[in-house]
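Below is one structure, written out as structure tokens, with a few remarks after it.
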Amino acid sequence: GRRYLLLYLILKIRNVLSKGTIFSRVKIRILSKIYSRWFGFGINNPDKNRVYMFHNISLDCTNVDEFISSKNGFENFLLQELKSRKAVNIDAILDGKRSFSVSFDDGYEGVYLYALPDLKELKVPYTIFVTYDFLNKEGYLTINQLMEMNKDSLCTIGAHTLSHSMLRYNKESRKD
């Protein structure tokens, strides 16, 4: 229903953005306003729900362009959000108002080392989308860490990809 339509429209917006023309950026702003009103999302409206995606949490480094937050920055972010919003599992993000959900992409080890203690202490549900081939590689979660997270009732584990290859550049996935 409506959730799948929203996902389709978001992917369509992403496709338009990737083309990068001035016309497409204007078109995206107009579409975003229409979709935010229709689906009830919007960054300027305090009643709207939000999903926050991070790649990694670092001990002391923040890189906004790569969706990396420092441990202290992440903790402060959670505390600020919890003042005005309810933390919910990503499955429930469309069910209420003034709620937020936290997700992590790729399965970086910093999530386990630096984010997990704050998430548990503050009882914030979280989703981690794992890239299977990255498990047990340097800087990424080990299978044991992932299994420990799986036991946490606050955790939802999702599959991101198998190898995170860029399919549009992969000759095997294209039919020219």
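Summary of values
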{"quantity": "Built amide H within the under 5 Å cut-off of residue 52, gap 5+", "calculated": "101, 102, 103"}
{"quantity": "Length released on extending from residue 51 to residue 92, taking residue separation times 0.36 nm less the Cα-Cα span", "calculated": "13.7 nm"}
{"quantity": "Å² of accessible area per residue within segment 103-158, as computed with a 1.4 Å probe and no ligands counted", "calculated": "49 Å²"}
{"quantity": "Stokes-Einstein diffusion coefficient of segment 63-123, Kirkwood radius over Cα pairs, 20 °C, 1.002 mPa s, in µm²/s", "calculated": "171 µm²/s"}
{"quantity": "Dipole axis of segment 80-152 (+1 Lys, Arg; -1 Asp, Glu on Cβ), positive-most option in 149, 131, 80", "calculated": "80"}
{"quantity": "Residues whose placed amide H lies under 5 Å from that of residue 142, excluding near-sequence neighbours", "calculated": "136"}
{"quantity": "Listed peptides 129-135, 81-87, 105-111 by packing density, highest first (mean Cβ within 10 Å)", "calculated": "105-111, 129-135, 81-87"}
{"quantity": "Around residue 62: net Lys/Arg minus Asp/Glu count, Cβ-Cβ under 13 Å", "calculated": "-3"}
{"quantity": "Accessible surface of segment 90-133 [probe 1.4 Å, protein heavy atoms]: carbon and sulfur percent", "calculated": "51 percent"}
{"quantity": "Amide proton proximity set for residue 98, modelled H, under 5 Å, gap of 5+", "calculated": "48, 49"}
{"quantity": "Rounded accessible area per residue of segment 58-97, 1.4 Å, Å²", "calculated": "66 Å²"}
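The values are calculated or read from the model by the stated rules, or taken from the named source; none is laboratory data. Every value quoted in this text rests on a predicted model; they were computed, and no experiment measured them. Note: ideal-geometry Cβ built from the backbone for every residue, glycine included; neighbour counts use all protein chains shown. Side chains included, ligands, DNA and RNA excluded: accessible areas come from the protein's heavy atoms. Shrake-Rupley method; radii C 1.70, N 1.55, O 1.52, S 1.80 Å.
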